[in-house]
Amino acid sequence: MEIIAKDREVIQKNRPKFPIRLLVIINGVLLEAWGNDSFPTHSRIYQLLNELKKFEDIDILSIRFPQRPRDSIANCIYNNIIKSYIAIKYLYIILLSSPIVYFEYPFSMTVMQNRMVYWFCVLMGTKIVLDVHDTLAQSEAIGNGKSSITYGIERYCLKNATLISFSLNFAMWSQLAEMYQVSKEKKVVFVPNAFENSFMKMHEKPVRSVPGRFSVCYIGGISKNRGVDLLVSACYNLHGKYPYLKLYIFGEYGEGFSRQIMDIIEESDFITRLIVKRKDLPAMVKDMDIFFMPYNPNIEYTNLCSPTKFFEYMATGKPIISTRCRSILDIARGGVIYADYSVKDFEDKIERLITDEELREKLSAEQVEQRLHHTWRERAEKIHDALLQI
């Protein structure tokens, strides 16, 4: 059952007399310091929960605890002792104050101690919010398929959550619900990813074409089915004709990526690959001319996911070339040119934007118009309204 806040007056009337206590089962460090790593998952955790903190009727509690680099057996043992101690503190808080307990999935559940806390919450009948930003299908689609989470754990988490905040779209949820036989009465609110406000502040106006410059940008993991290999090949082919074309890739290599294409990236004089801290991204993309979303639409997960990068692209107000992934087609209302999943069509669409400056400026204006509907504040309002209904 999807939760939709159709009547905000009804929700306000049912507002609790005391703030809702939300116990967040993650290391509280993530809520205090953000942007010093390159992980978009951390962006979702930080931005969403810190926006929820701004509501007067939501009281968020997290525990900050130290962890050491996992580079020795001694450090791994230390980390597990700390996590076990924190799990006991979680249990004490749950027994003492009966909060709503908030888990990030799969991020929170990769920790064995957190899975035990989840099981305890189910046993005690505690209300659970499960914020789902990826599934096991993701690890199979773009990684090596290895995970500390099993299908049994995923089924248990989805079936026993009181409220599911789902970052993917309705089609993906329908498949999961059918696969795991989740009740049709399960409360679900669809909360896609979004962009951090500094993107919009740094890119306030539609872009104007810069003569003699054409910079293509991709942000995110470099692994199988993400289409980065096709994008590199297309830019490589075009560079001879347009020597001012540059390709910027901000991300790390992952599983299943071509060694041959990797060598082209690292040795080319027109391709730059960097690992960028999340807080530095808005400034780093200032001189980009277009963004590329090259995911393989023939793979179920990549066809239906809503990656953070797409919203960040949109926030800059710059043109986007994207494959015809269903999730992107559902989100975008302008500012995007769609390409087939092939090197040839990637080339054609890039060349079209190189040669048509007027089209680039038109697409930019469309992006600026639509981006206001995809902020973290708007996403937090959806979860806030759903919390008041459980």
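One table, with the values for the structure above:
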read-out	value
Matching residues, region 319-343, being touching a residue at least 60 places away in the same chain (Cβ under 8 Å) and either surrounded by fewer than 16 Cβ atoms within 10 Å (Cβ to Cβ) or under 26 Å from Ile45 (Cβ atoms) (or both)	Arg326, Ser327, Asp330, Ile331, Ser342
Tyr118 vs. criteria under 16 Å from Ile164 (Cα atoms), part of a helix (DSSP H, G or I) and either at pLDDT 95 or above or of a type in the set (Lys, Arg) (or both)	yes
Residue in region 149-158 that is of a type outside the set (Phe, Trp, Tyr), modelled with pLDDT under 95 and assigned by TED's automatic domain parsing to the domain that holds Leu48 present	yes
Residue satisfying all of: in region 93-105; over 16 Å from Arg64 (Cα atoms) and assigned to a helix (DSSP H, G or I); nearest to the chain's Cα centre (by Cα) among these	Ile94
Filter result for Leu168 (outside the structural domain of Arg273 (by TED's automatic domain parsing) and modelled with pLDDT of 90 or more)	no
Check on Ser139, without any contact (Cβ under 8 Å) to a residue 12 or more places away in the chain and closer than 20 Å to Pro192 by Cα	yes
Some residue of region 121-128 being out of contact with any helix residue (DSSP H, G or I) (no Cβ under 8 Å at 6 or more places or on another chain), assigned to a helix (DSSP H, G or I), over 22 Å from Leu48 (Cα atoms) and free of Cβ contacts under 8 Å to residues at least 40 places away in the same chain	yes
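The values are calculated or read from the model by the stated rules, or taken from the named source; none is laboratory data. Please read all numbers here as calculations on a predicted model, not as lab measurements. No Cβ is skipped: glycine too gets one built from the backbone with ideal geometry, and neighbour counts run over all protein chains shown.
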